[in-house]
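Heads up: the structure comes next, in structure tokens.
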Amino acid sequence: MNTLLSKEIGGYFSLECGHTPLYHQNGIMLNSARNALRYIIKAYNIKEIAVPYYTCPVVWQAIQIEGCRIIPYDIDDKFLPQQEFSSEIFILYNNYFGICHKNIVYLAQKYKNLIIDNAQAFYAAKQGIASFYSPRKFFGLPDGGIAICDKESKEQFEVSTSYNLCSHLLKRHDLGAESGYKDFQQNEDSFIEQPIQYMSLLTRSLMGNIDYEWVKNKRLENFSYLHRTLKEKNNLCINISENDVPSVYPLRIEDLSLRQKLIQNKIFVAKYWPKEENNACMASIRAQTLADTIIPLPIDQRYDVEDMQYIIQRI
């Protein structure tokens with residue numbers, strides 16, 4: 001077959017991207033992190049799984065879609081499970097804020113069916129039997145998820161499209177973050193009903209435009225600056241390893257009004273994670289306390305030390 005017959009030559013230019021090797025090239029490239037988890041559940045035919053209360057609500061939703069029984073558990077101040085598990089059970093563990101490599105090494109030695117949620121730890125290597133990632137939590141991408149596991153699902157999926165999910169990314173460039181926020185929320189809502197699909201060609205190409213090493217170093221530099229200044233005020237004991245590349249700087253502080261004060265100063269901090277009112281099984285006093293008291297400060301590649309100084313001044 002002459003491949004040129006299906007190749008378009010000439011005409012208008014497309015986006016200039018796709019020149020950098022993809023990170024996690026050995027992974028299954030999918031359309032979202034939640035669907036990467038669903039892919040893993042299918043690959044291992046999982047019927048029951050232990051899940052932390054303190055996790056993103058979409059994780060619970062993805063598991064429930066696959067008909068799995070959930071065994072909820074709480075974590076302690078070191079982000080370790082507060083209970084023991086049987087050796088046979090599948091356990092989902094979060095790489096919280098991208099700073100839990102040491103915990104994961106410990107748990108992987110202890111439990112043979114460990115699955116790692118690396119949505120907040122894009123650079124982390126696979127640990128346990130499977131790991132999954134959310135590239136759009138680290139980079140300006142319309143969608144995408146990655147699953148790395150020892151087994152593959154026998155199912156085949158369609159390739160997604162993401163050109164219609166880019167408006168918030170484009171508006172932020174021209175008009176600022178607030179102008180694109182409604183589009184961002186609509187984009188987030190669109191993932192709820194999406195079936196498992198392979199990653200879109202557009203997202204793959206955009207991922208091929210990222211200077212991964214530069215992003216990594218920038219995040220580490222910003223994180224280190226904040227930690228040097230704030231560690232005495234932080235009620236979390238943070239001790240990252242050389243394998244950790246954080247998503248944010250988690251500041252746990254008693255002043256519950258600080259989050260809103262930062263937002264009023266245009267320092268947009270998320271809340272990990274909002275309480276899911278319509279799902280009582282997700283409720284835990286411990287998890288809600290962590291959600292209320294931990295403020296994830298931005299440290300990503302868009303910012304430098306001067307920006308970190310500004311955040312510290314506002315705090």
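The values are calculated or read from the model by the stated rules, or taken from the named source; none is laboratory data. In this text, all values refer to a predicted model and were calculated from it rather than measured experimentally. For neighbour counting, all protein chains shown are included, and Cβ atoms are generated from backbone atoms with ideal geometry for every residue, glycine included. We work out accessible area using only protein heavy atoms, side chains counted, and drop any ligands, DNA or RNA first. Shrake-Rupley method; radii C 1.70, N 1.55, O 1.52, S 1.80 Å.
Of the residues Ser200, Ser205, the single one that is in contact (Cβ under 8 Å) with a residue 40 or more places away in the chain and open to solvent by 20 Å² or more (accessible area, probe 1.4 Å) is Ser205. Residues that are buried (at least 21 other Cβ atoms within 10 Å of the Cβ) and among the charged types (D, E, K, R) within the stretch 119-136 comprise just one, Arg136. Of the strands (runs of 3 or more DSSP E) lying entirely inside the stretch 1-102, those containing at least 2 residues that are out of contact with any Pro (no Cβ under 9 Å at 6 or more places or on another chain), within 28 Å of Asn164 (Cβ to Cβ) and aliphatic (A, V, I, L, M) span 28-30.
Take the conditions open to solvent by 50 Å² or more (accessible area, probe 1.4 Å) and of a type in the set (A, V, I, L, M) and apply them to Ile91. Does it pass? Talk me through it step by step, then tell me what you get.
Numbers: open to solvent by 50 Å² or more (accessible area, probe 1.4 Å): no; of a type in the set (A, V, I, L, M): yes.
Answer is no for this residue.
Of the residues making up the stretch 146-175, those that are closer than 27 Å to Ala125 by Cα, open to solvent by less than 40 Å² (accessible area, probe 1.4 Å) and outside any loop (DSSP other than H, G, I, E, B) are Ile146, Ala147, Ile148, Cys149.
Quick grid of which residues meet (1) modelled with pLDDT of 95 or more; (2) within 23 Å of Leu220 (Cα to Cα); (3) hydrophobic (A, V, I, L, M, F, W, C):
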{"residue": "Asn103", "(1), (2), (3)": "yes, yes, no"}
{"residue": "Lys110", "(1), (2), (3)": "yes, no, no"}
{"residue": "Asn118", "(1), (2), (3)": "yes, yes, no"}
{"residue": "Ala121", "(1), (2), (3)": "yes, yes, yes"}
{"residue": "Phe132", "(1), (2), (3)": "yes, yes, yes"}
{"residue": "Ala147", "(1), (2), (3)": "yes, no, yes"}
{"residue": "Asp150", "(1), (2), (3)": "no, no, no"}
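Taking the listed residues Glu178, Glu242, the one that is outside any loop (DSSP other than H, G, I, E, B) and either surrounded by fewer than 15 Cβ atoms within 10 Å (Cβ to Cβ) or within 17 Å of the chain's Cα centre (by Cα) (or both) is Glu178, with no other qualifying.
Report, by residue number, each residue of the stretch 103-118 that is open to solvent by 20 Å² or more (accessible area, probe 1.4 Å) and not in a helix (DSSP H, G or I). Selection gives Lys112, Asn113.
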